[in-house]
Structure formats: C-alpha cells, structure tokens
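A.B. asks: This is the structure I have questions about; it appears just below.
The values are calculated or read from the model by the stated rules, or taken from the named source; none is laboratory data. Just so it is clear, the structure is predicted and the values come from calculations on it, not from any experiment. Neighbour counts run over all protein chains shown; Cβ positions are idealised from the backbone, glycine included.
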Amino acid sequence: MTIPFDPALRSELGNKINNRAISDVWTTYSTADFPPLIEDLGRLRQEIGLNDWGYLQLVRGLADSIQPTPNDAELFTWFLLTKSGYLCKVGYYGSQVYLLAPASPVIYETPYFNLNGARFYNLTTLRGVENPGRILTYGKDYPGVDQPLALNMAQPPTVGQEPFTRELRFNYAGKSYLIKVAGSRQVVRFLDDYPQTDFPVFFAARMTPEADSSLLDALRPLVEGKTESEAVNLLLRFVQTAFSYQTDDEQFGKEKYLFVDETLFFPYSDCEDRSILFSFLVRRLTGLPVVGLHFPGHVATAVRFSGKVPGDSVVIAGERYTICDPTYINANIGMAMPQFRTVNPEIIPVGL
C-alpha cells in the first residue's frame, strides 16, 4: 500500500537523546503538514477493520518505512498515536528510545513502568529490544489525549487474500467425519504478534469470514435436528480429537493463547485454544450460553443447557452450567478431569 506524506515529516534525532532533542523532533513533526496523513491512516484503518492494536501496527509499519532509524520510527509512532488520540509517552536510556503506552486489558509478559498512577507498557521490547530496567521519560503531556490501546478484537482485520486450507477428521457415535476448513495466512501472521492478554479477549473474538463460513457450514448439518446434549457432545468430540495436542512451550517456545483462526491453522493446540474454539462453536451453532473455566494450570468450559443434564457442573448466578472439557479426550458433557472435580475454577465470561 502507498500512503502519501509530507517529506518534512522525516527527521533524525541524532546521537544525543534528551528532552530538548525529543522536543525539537516533535516541533519538526507538528509544523509539517501531518493532518492529511492522520486522515489517510484513519480511512485505511476503517477499510481494513483494524482495532487499536492493529492501528498501532499500521502506524509502526509506516514509521519504519519512512524514518531513517528505529529510534526515529518510535518517535514518529508516538507522534502519530498522540495525534490520533492515544495516550502514550516516549522514554529513553542510553542510546535507545522506547515507546510506552497503557493498554486495556493488561498485557502479560511485557515490561512496564508506573507513570502517574498508570501502567505504561514498554512496547519497544516487543520488537526484541531489551528492557532497560530504569528509564527517563519525556515529561510533556498533551491535553485531551487519554485513550489507552484497547486489545479487544471483535473480528480479525481484512488484510489480504493468501488462503490456507486444512482437513480435519474425527469420529463420533460410530461415524467418521471429514471437515474442510479455510482461512487467511495473512490474518494468522497479523495475530502471531498479538500480545498475551486476558482470556475474555480471545473468547469473545470472531473469525475471519472465510474461516467462519467454511467451519460453520461444515458442522451445521451435523448438529441440525439433534438434541442440545447430542449437538454439544458432537462438537466436543470434534474439538477433542480433530486437533493434535502440544503445549505452547512445545509448539512456540513460549506461552501463546490462540484465536480461533490460529487454531485452525497451526498443527497443534492446547487446553485454552480448544476451549476458545469450542465455546465459539457452541454459541454459534446452538445458541447456548458458555463460560470458560480457569483451573490451576488448565482451562475448560461449561455450557448452560435448557434442561437438566447429569454430570459435573458449576453454578453461576443461580444457573447450572455443565462442564465440557475440550481437552479431556473422548469425555462427554458433564465429565470433568478427575483432578479438577473438587476445585472451584475462576469463571471466564464469554461474549455472545
């Protein structure tokens, strides 16, 4: 993509990094013709369907492409985000500039600094730059700018067509099934850099249209005409057995919760990934309410059926939710793993 910009927006901080030098760079940016660039970025954001995190990546990509050094790119990102209404700061230590910003909800496994009572994450460390431990910050704030980066993502962005396909096989009630799914490699690449945050962000996110239609269209005929228990059991068996299991450390070398599109793409998944996928399928194909269950070292789900279903359950606000564990292979609804049957889990709310 090509975005026109005023050449005067190019700047070079130089080797001497202090408040005065940063102020001079800000003055250079603010006296250039930047409003058309902000408008173009906003328009492109709407066309692609980017959330706040996606907008940050868009701005960073632009900054990387036009600024001469990584430090200048971080400063330009700070300027553009601020002019777009986001609360952020720049810090510096030695020869390195850092982009700092609050986020909602929290970002895990990312260093942060408490500034003016708020947690500012060092977003530069997400690019492989080491956290300095201590930092100097450019002190000037800009009035009316108070928006943190929101990590909620209603639906993945439309970032181009580079499709993938996958065949998923499972058996249920003496029958064998083949489910063919499709998705976008470019969306998977976008999601690969998504920060680790609270579970509800992943449970609430929808799929890309191509993944949504291929998966739901394949499974819908299998659950139509079945009772709630039969339909949910079939979906449970699909998630339990159509995907191979590995921990995040084994597959990625780090903790990484997967969005549904990623679970369809990557060869392996673990308990939280399967719970996210299963809850999505139950809500979309049966309309039944679902919650996530966070046990020590394990994630499962529970479904609120219309009638009484025997088995293990949890009670939430007076309503009985039957435990359904997408990682407990061949377990039916109402069967919790033995080691968790007497454990009270943390309830993960799931949006519809």
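A.B. asks: Report yes if PRO345 is of a type outside the set (Lys, Arg) and in contact with a His (Cβ under 8 Å, 6 or more places away or on another chain), otherwise no.
C.D. replies: yes
A.B. asks: So in region 2-38, with the set limited to residues that are of a type in the set (Phe, Trp, Tyr) and not in a loop (DSSP other than H, G, I, E, B), which one is nearest to LEU136 (Cα to Cα)?
C.D. replies: TRP26
A.B. asks: Give me the pairs: first residue in region 41-55 and in contact (Cβ under 8 Å) with a residue 60 or more places away in the chain and among the β-branched types (Val, Ile, Thr), second residue assigned to a helix (DSSP H, G or I) and surrounded by fewer than 15 Cβ atoms within 10 Å (Cβ to Cβ), beta-carbon distance under 6 Å, and six or more apart or on different chains, which are they?
C.D. replies: As it stands, the answer is none, since no pair meets every condition given.
A.B. asks: Being touching an Asp or Glu at 6+ places or on another chain (Cβ under 6 Å), at pLDDT 95 or above, in the same structural domain as GLN246 (by TED's automatic domain parsing) and in a strand (DSSP E or B) is the requirement here; does ALA300 meet it?
C.D. replies: The answer is yes for ALA300.
A.B. asks: Sort out which residues of region 114-149 are of a type in the set (Phe, Trp, Tyr) and free of Cβ contacts under 8 Å to residues at least 24 places away in the same chain, and write them in order of number.
C.D. replies: Answer for region 114-149, where residues must be of a type in the set (Phe, Trp, Tyr) and free of Cβ contacts under 8 Å to residues at least 24 places away in the same chain: just TYR121.
A.B. asks: Return a yes/no flag: does region 178-196 have any residue that is hydroxyl-bearing (Ser, Thr, Tyr) and closer than 16 Å to PHE280 by Cα.
C.D. replies: The answer is no; no qualifying residue exists.
A.B. asks: Here's something else I'd like to know. Quick one: which strands (runs of 3 or more DSSP E) sit completely within region 117-221 and have at least 2 residues that are closer than 26 Å to PHE278 by Cβ and under 23 Å from the mean Cα position of the chain (by Cα)?
C.D. replies: The strands (runs of 3 or more DSSP E) meeting that bar are 163-172, 175-184.
A.B. asks: I'd like to check something: does region 264-284 contain any residue that is under 19 Å from the mean Cα position of the chain (by Cα), under 22 Å from PHE190 (Cβ atoms) and of a type in the set (Val, Ile, Thr)?
C.D. replies: yes
A.B. asks: I'd like the residue in region 101-116 that is in a strand (DSSP E or B) and either touching a Leu at 6+ places or on another chain (Cβ under 6 Å) or β-branched (Val, Ile, Thr) (or both) and, out of all such residues, is farthest from ALA21 (Cα to Cα).
C.D. replies: ALA103
A.B. asks: Separate question: Residue by residue through region 39-53, note down the ones that are in a loop (DSSP other than H, G, I, E, B) and among the small types (Gly, Ala, Ser).
C.D. replies: Of everything in region 39-53, just one residue is in a loop (DSSP other than H, G, I, E, B) and among the small types (Gly, Ala, Ser), namely GLY49.
A.B. asks: Tell me the residue from VAL90, VAL97 that is at pLDDT 95 or above, crowded, with 22+ Cβ neighbours inside 10 Å, touching a helix residue (DSSP H, G or I) at 6+ places or on another chain (Cβ under 9 Å) and farther than 18 Å from SER30 by Cα, please.
C.D. replies: Every option except VAL97 fails the conditions.
A.B. asks: Still on this model: Determine, yes or no, whether ASP64 is within 19 Å of ARG119 (Cα to Cα) and either charged (D, E, K, R) or surrounded by fewer than 15 Cβ atoms within 10 Å (Cβ to Cβ) (or both).
C.D. replies: It is false that ASP64 is within 19 Å of ARG119 (Cα to Cα) and either charged (D, E, K, R) or surrounded by fewer than 15 Cβ atoms within 10 Å (Cβ to Cβ) (or both).
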